[in-house]
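For reference, the structure is listed below as structure tokens.
Laboratory data are not the source of any read-out in this text; all were calculated from the coordinates shown. It should be emphasised that the depicted structure is a prediction, and the values quoted were computed from it without experimental measurement. Quick reminder, even Gly has a Cβ in these numbers, built from the backbone with ideal geometry, and neighbours come from all protein chains shown.
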Amino acid sequence: MRRSQSRFLHGLFAGLALAAVAFVSAAGVSSASRYEDLGLFANVLRLVRDNYVEPVDERALVQGAVRGMLQALDPHSSYLDPSAHREMQVDTKGEFHGLGIEITKRRDGYVEVVSPIDGTPAARAGIRARDQIVTICPTEKPAEWDEDCRSTKGMDLHEAVKHMRGPKGSRITIQVFREGFEKPQPFTIVRDVVKVASVEGRLIEPGYAYVRIRSFQERTVNDLRRHLKKLHQETGDFSGLVLDLRDNPGGLLDQAVKVSDVWLDEGLIVYTKGRVESQRQEFRARTDAETGYPMVILVNAGSASASEIVAGALQDQHRALLLGAPTFGKGSVQTVYPLEDGSGLRLTTALYYTPSGRSIQEVGIAPDIEVAPPTEVAAADEEAAPRRLRERDLEGHFRQPDEDAGEPVAAGEAGAEDEDLQLARAVEVLKSWTYFERLRESRDAPVESVRATDVLPVTP
């Protein structure tokens, strides 16, 4: 093993030297500093190998160096080891073995549940939105762990997901803290096959449809069209539709474009601009849209990335009103480059812009009608009222150069026991919209003259 590691290190040094020569040859003497930087890296690696108190794995050191390099860029660029790369590919397909929760990072470093997915092991075990997962006790302790359980503080999301997923039927224990608990409580959950239905739909009442998109996966637009067809069969033409993008963390760009295209018959949906010419693209609508009814889109601080593309496109094209709270503010596009050993490089390659030319990076999208859920209203007068994490809170995020980002309005998540005031308000808006449209049509209709004798009683 030691001999193979030495060969690996020798090959790495040779590769670094060749790369340095290529840099200098291509860019001239001014690139000599690049050679020095590569030499510095090689020297540090050699010193660690020869002098560290314990034997080291050179491959692990190089992977750590790559991770550190990408962490110096922005919060969405990262190195994906082979396991994390496979997990990312699984996420876009919408089926995996695990617990069935959507998670995010809190400002204090711990992992927080955005929402448990209905019908999954986590939901059956009693996990709730906004639960803090403070400790993970995986089924099989990783070789590098000295303890059976590890705190999630400082643990990145890919690592947390990796430890919580596992074979169907296996058990995992997580320590959860929530409001009302005096201390974290253990939850032991049996993993199962989790099929994430990215789209769900129902009729709120006759004529008024509700569609929720949880994330943008490979099948999202097909699932959306299937749900819309079913709802049309149940009620005929819609009087209005609510599209719920709350707590939708995003996903595939092409699916966001196709979903927008469902409701737009022409015009620009989104365009991207990057340093490389191939990253400068425009995406436009085609002429097969559902345009015969009004729409309200629900958004909040958990609406990010691809969901902001849809919301921004339909808002800019005057196809829908946005209701809720300001969105997350992730206006960057990531490209995943597969690497030779099965790992991947997730790199921010472009920023995207809404049809009117807005970059929502850092600032998010402001709703046309701002409505806070009841949990936030109740906390509004408290000094320590919680505020949802947004793009602008992430260390190293791209700054918005053109606008004053300001302080976004806090947006909470209504618990299952709370009335969904945002949805109720959306239905009210749709009904008002329909009422005024009918009033306009009746006002514009020609009026026939009526004789007085047709409406007044005749005196004998």
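Couple of notes before you dig in:
- Look at GLU112, GLU340 and count the other Cβ atoms within 10 Å of each Cβ; fewest to most, that gives GLU340, GLU112.
- Shape annotation for the range 142-217: C-alpha extents along the principal axes are 59, 32, 25 Å, from largest to smallest.
- Cα-only Debye scattering, the range 285-352: base-10 log of I(q)/I(0) at q = 0.16, 0.17 Å⁻¹: -0.69, -0.74
- Kirkwood-Stokes translational diffusion coefficient of the range 244-378, alpha-carbon pairs, 4 °C, 1.567 mPa s, µm²/s: 84
- Candidate lysines - alpha carbon under 28 Å from LYS229, same-chain residues fewer than 8 apart omitted: LYS93, LYS195, LYS258, LYS431
- Our estimate of slack between GLN185 and GLU147, defined as 0.36 nm per intervening residue step minus the Cα-Cα distance, is 11.8 nm.
- Calculated FRET efficiency, GLN233 to ALA65, Cβ-Cβ distance, R0 = 56 Å: about 0.45 to the nearest 0.05.
- Residue exposure sequence - HIS85, HIS158, HIS318 - by fewest surrounding Cβ within 10 Å: HIS318, HIS158, HIS85
- The coefficient of translational diffusion for the range 68-221, derived via Stokes-Einstein from the alpha carbon Kirkwood radius under 20 °C and 1.002 mPa s, stands at 127 µm²/s.
- Förster-model FRET efficiency, 25 Å R0, GLU140 and ARG46, C-beta, rounded to 0.05: 0.15
- For TRP145, TRP433, order by how many other beta-carbon atoms lie within 10 Å, fewest first: TRP145, TRP433
- Trypsin sites (Lys or Arg not before Pro) lying in DSSP loop within the range 228-282, provided at most 16 other Cβ fall within 10 Å: ARG275, ARG280
- Cross-link pairs LYS141/LYS183; LYS153/LYS183; LYS141/LYS162; LYS273/LYS330 - those with Cα-Cα distance over 22 Å: LYS141/LYS183
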